[in-house]
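Colleague: Would you mind keeping the following structure in view while I ask a few things?
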Amino acid sequence: MAGTDQLSAVFSALADPTRRAILAELAERDVTVTELTAPLPISMPAVSRHLKVLERAALISRTRSGKWRASRLEAAPLRDAADWIERYRRFWDSSLTRLDAHLAAVQAAGRATDRMARDPRVSDNKVPDNKVPDNKVPDNKVPDKEL
C-alpha cells in the first residue's frame, strides 16, 4: 500500500485496543504468538488474526527461526501516522492560541467595564442637566396623545 491507503491501514489497525496492546509488547521485544497470548484474554488463533492485520498494515514483520515465528515492531508506519497527526496538532495549537488571546481580550474588556461600573465618578445614567434623554419626557410636558 502507498500513501493514504497505507495510512488508512495503520489507523485501522491501531483502532483496536488488543492490537495496540500487542504493539506495546512488541515495542519492548520481539515475541512469538505464544508469548503474546499469555497476557491477553484471547485465544492463540485470535492473536494470530490480530498479527495478520498488523502485518498487512506493515506495523510488524514476522521472521521464522526453526519452528519459532517471532514478530517484530516496524516503527516507520507509526512515524508516518505521527507526522500526519502532527500537522493537525499544529493547527489546533494555533487555533487554541488565537482563542486564548481572544478570551484574554474579552476578559480584559469585562474587567475594565466592571471597574467603570464600580467607579462612583462614572455613571451610566448621567445626563447633562440641559439634555433630556430621547426616551424620557420632561416632567413639565405632557406627551402627545396618539390619534
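The values are calculated or read from the model by the stated rules, or taken from the named source; none is laboratory data. Since we're looking at a predicted model, the values are computed, not measured. All Cβ positions, even for glycine, are placed from backbone atoms using ideal geometry, and neighbour counts span all protein chains on display.
Colleague: Name the one entry in ARG29, ARG56, ARG49 that is out of contact with any strand residue (DSSP E or B) (no Cβ under 6 Å at 6 or more places or on another chain), farther than 14 Å from ALA13 by Cβ, of a type in the set (D, E, K, R) and in the same structural domain as VAL10 (by TED's automatic domain parsing).
Modeller: Answer to the check: ARG29.
Colleague: Give the residues of the range 21-43 that are surrounded by 13 or more Cβ atoms within 10 Å (Cβ to Cβ) and not β-branched (Val, Ile, Thr), sorted by residue number.
Modeller: Of everything in the range 21-43, those that are surrounded by 13 or more Cβ atoms within 10 Å (Cβ to Cβ) and not β-branched (Val, Ile, Thr) turn out to be ALA21, LEU23, GLU25, LEU26, ASP30, GLU35, LEU36, LEU40.
Colleague: Inside the range 30-147, counting only helices (runs of 4 or more DSSP H) that do not spill past its ends, which hold 1 or more residues that are at pLDDT below 90 and among the hydroxyl-bearing types (Ser, Thr, Tyr)?
Modeller: Values: elements: 33-37, 44-56, 76-118.
By residue number, 76-118.
Colleague: Now for a separate question. Being in contact with a Lys or Arg (Cβ under 7 Å, 6 or more places away or on another chain) and farther than 26 Å from SER8 by Cα is the filter here, so list the residues in the range 59-77 that pass it.
Modeller: ARG69
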